[in-house]
Each structure stands twice: as C-alpha cells, then as structure tokens.
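All remarks here apply to the structure that follows.
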Amino acid sequence: MAHPWLLAALLAMQAPVLDRRDPAAVAAAYVAALERSDVEALGKLVVPDKGVSTFLRMLVAQARNPEMGMFSPEGMGELLLLPFGLTKGLAIGPAQPQTEPGRSVFELRRELVLRPKLVLARQADGAWAVDLRASLQATAPGGKSTMLMGIEQMGALGEEGTVRVEAAAGQPWACIGRMNNLREALEAYAEEHKGKYPFADAWMDQLAPYVAGEKAFACVEHAGEDYGYAFNKALSEAERGRDWEQNRRLPLLACVAGDKPNATFEVDRLARLKPRHGKVIPLVMASGEQLCLPAGMGPREVWAAEDQHEACRQRLRALVDAAKAYAQAHDGRLPSAATWSDDLRPLVARRADGDPFVCPTLGQGPCTYAINRAVAGKRLGELVNHRKIVLFVETVAGPLNAVADDQPTCPGRHRQVFDPDGAPTAMTVTLSKAVVDVTPGRR
C-alpha cells in the first residue's frame, strides 16, 4: 500500500502545471474556469481585487439559480421578445408553427456573435493575470460597463458589508426561487377561489393545475426527491391577506425534510426542524420576501431581533440629531464628553418603546451608548468628512455620559440572522447619521 505522501506526489506529477508566464495559457485556464463556474479558480487567475472577488461570488450565486435563468438560452430568448433593439436579423424558424386550439406558437431564431475582450496584465513577479475590470471596460459599449459599476460598489464596502454580501451569496437562492414560483401559483389559485388559499392537507393536489409538473414541488438542491416543500397549516382555506406589511411576516412555504406530498408546517415548531440547507431553513412569506432561519430559531425570534436592531439604529440617529441641535445652540460646538447625556436629554424625544439612551436589545440602563472621545466638544465646522467620523458607539450598560474610542468596546448584541456562524455585532453612528454594524474590536 502506497504511503499517503507518495500518492499525493504521484497525483501532483500527473496534474498539469499552469505556466503563469504564458498569457495564452492563463487566458485558456480562465475560459475553462468560466465554463465550470469555478469561482475559486477564477479568483486565482485574476488581478487581486476585493471588489472583483466579492462581485464574482455574488454573481455566480445568482447565475447558478436555475429558477432565475439569468444567462440561460431561454433567458436570452426572453430579451429578444422585448423592445431592446436586439431583434435585427431575427427570423421565424420552422415553416409550420405548433398549433393548438386557440393558440399558435412560432419559434424565432437568431444567431448571436459575441466578442468579449479578455485583458491580461503582467504582475510584478512576471506572471500574467486576468484584469477583469479592464476586460469589462474593453468589452462594454463605449467603455461604460454596468457590471464594472457593481464591482466598484462591492469594492467600496467595508469589512462588515463584504461579510454580509458573501453570506447572502451563500444562501439557497435556487430553492427560494422555486418556492417563489409556488407562491405565485398559490396567488393564482386564490384569484380563482374567492381569494382563499387551498386546503392544507391537499394543497399540492389542488395546486397541480397551476404549476409545470410534480418537480415544481421538489427542492431544486435536493436531487432524487419528489417533494421538499411544506405549506403553512394555519392558512388552510384562509383568505389571502391584502396588507403587504402583514404579509411580509406571514410564512407561507418552507423547505423541510420528509419527501412527502402535501406536507405542512406550524410556525411555532419551525425552530425544532432540521435545517435543509447547511444551517438554515428557507422560508418564503406571503409577500414574496424570504427568510433563512438559523438552526434552532423561529421566525418570531428573528423578527424580534430585527425590531430591536432597528430600534437601536433609530436611537443612535436620534442622538446625532440631538447633538447637532445642541451644536446649533452652542456656537457650533458638540456637547462635551463629561456632560453629553445630560446636555442631550432635553433634546431627545421620548420613545414609547423605552429609554432613548438604552439599546432595546439589552433593556437595562441607565445608558448603553458612548460618545467618541476624539469628537466630543469639537466644532462641527472643524470636522471634515462627516460621513466617516464616528460620533456615538454602543457600549456596555453603565452610567450616563459614557465615553469611548471610535470603535465599540462591548460584546456585540445584534446577531446577523443571514450569517448563522457570524459573531454578534455592535453599532456605530457617524455625524452623517450613517449607522454601521461592526464586530467588536474592529473598526
């Protein structure tokens, strides 16, 4: 029996080695990686660029969703049917259309010749790498690339924003897309049945005429199963809601284990179910919005956390407004570090949901925010770029007039539900009222 190290050496000898000093070889490897949608391989072949890396991950996550069909032949065919000026050279295909009673289908054909330009740049070590920014610019009409704008936006994200985008890219979008198709079928069913949803114990049977085959009820990411979705049992023969705000928190469909027809679920028991996609259970709401439940959490817990998160954001913004109002009345000078809470108390509106100086997630005071020591007492006119200057940060519960540096010093208390493995975050707010989620200890 060969030793593991010997086997690894033999495999390494058999694997072709890419000559990075040959631009043609690098270009060929890049095209091969494109065909495989191999993001990791692409990342090793492009010029290092944070915006490009983040953009690629997000784009490939969408392109792999068969329900979206962004780059499929069918998806491109849809564009040809719309007035985008793409129909030059379009011809009717078969001489005889497919004809049915009251319906005639013509196949239209057009051959598209695409000539994208792949630009490579020589690196400091002599190796060649694909310059994706330059490639998009060289290919786009007039050098104005919409995708390049997306890359610029991704590159401008802070560390926490990048984590969010990449976590979102890892969500089961194909599954969610298929559930959204079922949601639309349920809407169509309700339109024809006095505005009511089907009987829960036979919802798939009653929905069959509104979908394309039984595979419509199978999770696209679980091969070999005929069924993978469940309907909210509480909505059995219930009237479809018309209030969007109410529907956005009304679970309609869930991806659950079981592989049986007409499966149903109870909202209060979702936290006990085994996740189907790594560590989350995808849900689609009656409004069409989606929610990926972390293992062991129910939707009500997630929404409660979101509400607390948003209330904390509002409190931080209110403190900035109060600080600016104070400065207007005091020769443009912000409140001092020693008295800021006392100075702002008369200027901060009372809240029905608790003390405006206390984060609702913590629920204990007298204060859970601190002013940035480097900014307190300064004149607003002396501070340049208000968009980046942190004024208040979250901190541990303590006395009024707490002072901190321009980064949180407390354990995070706002868990991001889109990233089950992520650490809870704290928040900071700038002079421009921009609220940023940060991992404690990081800027």
| All but one of (1) among the acidic types (Asp, Glu); (2) free of Cβ contacts under 8 Å to residues at least 24 places away in the same chain; (3) buried (at least 19 other Cβ atoms within 10 Å of the Cβ) hold for residue 394; which doesn't? | (2)
| said: Please go through (1) assigned to a helix (DSSP H, G or I); (2) modelled with pLDDT under 75; (3) in the same structural domain as residue 149 (by TED's automatic domain parsing) for residue 28 and return the number of the only condition it doesn't satisfy. | reply: (2)
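Rundown of residues vs (1) under 11 Å from residue 262 (Cα atoms); (2) without any contact (Cβ under 8 Å) to a residue 40 or more places away in the chain, yes/no style:
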| site | (1), (2) |
| --- | --- |
| 188 | no, yes |
| 207 | yes, yes |
| 212 | no, yes |
| 220 | no, no |
| 226 | no, yes |
| 237 | no, no |
| 240 | no, no |
| field | Qualifying position, being loosely packed, with under 13 Cβ neighbours inside 10 Å and over 18 Å from residue 298 (Cβ atoms), among 259, 205, 268 | value | 205
| query | Any idea which residue in region 419-434 is modelled with the lowest pLDDT, counting only those that are crowded, with 18+ Cβ neighbours inside 10 Å and touching a strand residue (DSSP E or B) at 6+ places or on another chain (Cβ under 8 Å)? | reply | 420
| Answer residue from region 402-414, given it is in contact with a Pro (Cβ under 9 Å, 6 or more places away or on another chain) and at pLDDT 70 or above and is nearest to residue 342 (Cα to Cα) among those | 410
| task | Working only within region 279-301, note down all residues that are buried (at least 21 other Cβ atoms within 10 Å of the Cβ) and assigned to a helix (DSSP H, G or I). | result | 299
| remark: Scanning region 177-211 for residues that are under 29 Å from the mean Cα position of the chain (by Cα) and small (Gly, Ala, Ser) gives 177, 185, 188
| field | Residue list for region 355-389, restricted to those being without any contact (Cβ under 8 Å) to a residue 24 or more places away in the chain, within 22 Å of residue 310 (Cβ to Cβ) and either acidic (Asp, Glu) or not in a loop (DSSP other than H, G, I, E, B) (or both) | value | 355
| request: Being of a type in the set (Lys, Arg) and part of a helix (DSSP H, G or I) is the filter; apply it to region 313-354 and report the residue that is nearest to residue 373 (Cα to Cα). | output: 324
| said: Quick check on region 299-319. Is at least one of its residues under 16 Å from residue 401 (Cβ atoms) and in contact with an Asp or Glu (Cβ under 9 Å, 6 or more places away or on another chain)? | reply: no
| request: Residues that are more than 28 Å from residue 42 (Cα to Cα): find the strands (runs of 3 or more DSSP E) completely inside region 75-122 holding 3 or more of those. | output: 98-100, 103-105
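The values are calculated or read from the model by the stated rules, or taken from the named source; none is laboratory data. The model shown is predicted, which means the values in this text are computed figures rather than measured ones. Don't worry about glycine lacking a Cβ; one is built from the backbone with ideal geometry, like all the others, and counts go over all protein chains shown.
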